[in-house]
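Enquirer: I have a structure I would like to understand better, so I am pasting it below and will then ask my questions one at a time.
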Amino acid sequence: QEGGHDREVSAMALSKYGKYLASGQHSYMGFKAPIVVWNMETCEAVHKLKLHKGMVQDLSISHDEKYLVSLGGCDDNTIVVWDIETGEPLGGSSSANQTTTTVNWLAGRNDMLISAGKNANARIWTFDHANRKLTPYPISLGSMRRSFLC
């Protein structure tokens, strides 16, 4: 497909109403790994987003189909919020000191998300639209030790 991927796809997310599909790929170490946002009504690529290095680990589209959150792989380990309409990055942050493996919008919200990963790494994030800022809040799991994979 024109405007699509040239390497293995590593993550996908379909929007709640099926209007958008976002797909991310593996890339060579040190090179940007693109995310392609597809309009499922026209089957065309509408944006190719490039900020993560190495690979895109996970993707999630907000319930209102306005925002995409992406998570870079272990070489990148950053979270970025994107405006789906414009393809513009709205804010980003390092996801944690430990490797993060999954990110998702909280149900019915476009201002809060959750990330989790290895060694009981879990955080709630608030997204301040006006100031384009992601703020993490650690989740204390006490003595429970888990690795979150999905």
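The values are calculated or read from the model by the stated rules, or taken from the named source; none is laboratory data. What you see is a predicted model, and the numbers here were worked out from it, not measured in a lab. We place every Cβ from the backbone using ideal geometry, glycine too, and count neighbours over all the protein chains shown. The accessibility values were calculated without ligands, DNA or RNA, using every heavy atom of the protein model including side chains. Shrake-Rupley method; radii C 1.70, N 1.55, O 1.52, S 1.80 Å.
Enquirer: So, in segment 96-115, exactly how many residues are surrounded by fewer than 18 Cβ atoms within 10 Å (Cβ to Cβ) and more than 18 Å from Thr78 (Cα to Cα)?
Expert: Selection size over segment 96-115: 4.
Enquirer: Here is a follow-up. Just to check your reading of the model, which residue among Tyr67, Tyr137 is without any contact (Cβ under 8 Å) to a residue 24 or more places away in the chain, aromatic (Phe, Trp, Tyr) and open to solvent by 10 Å² or more (accessible area, probe 1.4 Å)?
Expert: Just a single option satisfies the conditions, and that option is Tyr137.
Enquirer: Gly92 fails exactly one of the following numbered conditions: (1) open to solvent by less than 40 Å² (accessible area, probe 1.4 Å); (2) within 21 Å of Ala130 (Cα to Cα); (3) touching a residue at least 40 places away in the same chain (Cβ under 8 Å). What is the number of that condition?
Expert: (1)
Enquirer: Given the criterion over 23 Å from Asp6 (Cα atoms), at pLDDT below 90 and of a type outside the set (Lys, Arg), identify the matching residue among Ser143, Ser115, Ser62.
Expert: Residue meeting the stated conditions: Ser143.
Enquirer: Looking only at residues in segment 10-25 that are free of Cβ contacts under 8 Å to residues at least 40 places away in the same chain and within 14 Å of the chain's Cα centre (by Cα), which one is most open to solvent (accessible area, probe 1.4 Å)?
Expert: Selected residue: Leu21.
Enquirer: Restricting attention to segment 119-134, which residues are at pLDDT below 90 and surrounded by 16 or more Cβ atoms within 10 Å (Cβ to Cβ)?
Expert: Ala120, Asn121, Ala122, listed by residue number.
Enquirer: Scan segment 37-70 for residues that are among the small types (Gly, Ala, Ser), touching a His at 6+ places or on another chain (Cβ under 9 Å) and on the phi < 0 side of the Ramachandran plot and report the count.
Expert: Matching residues across segment 37-70 total 1.
Enquirer: Now for a different question. Between Trp82, Trp105, which is over 14 Å from Gly24 (Cβ atoms) and aromatic (Phe, Trp, Tyr)?
Expert: The unique qualifying residue is Trp105.
Enquirer: Another question about this same structure. Being polar (S, T, N, Q) and open to solvent by 40 Å² or more (accessible area, probe 1.4 Å) is the filter; apply it to segment 26-59 and report the residue that is farthest from the chain's Cα centre (by Cα).
Expert: Step by step, filter segment 26-59, then rank; the result is Thr42.
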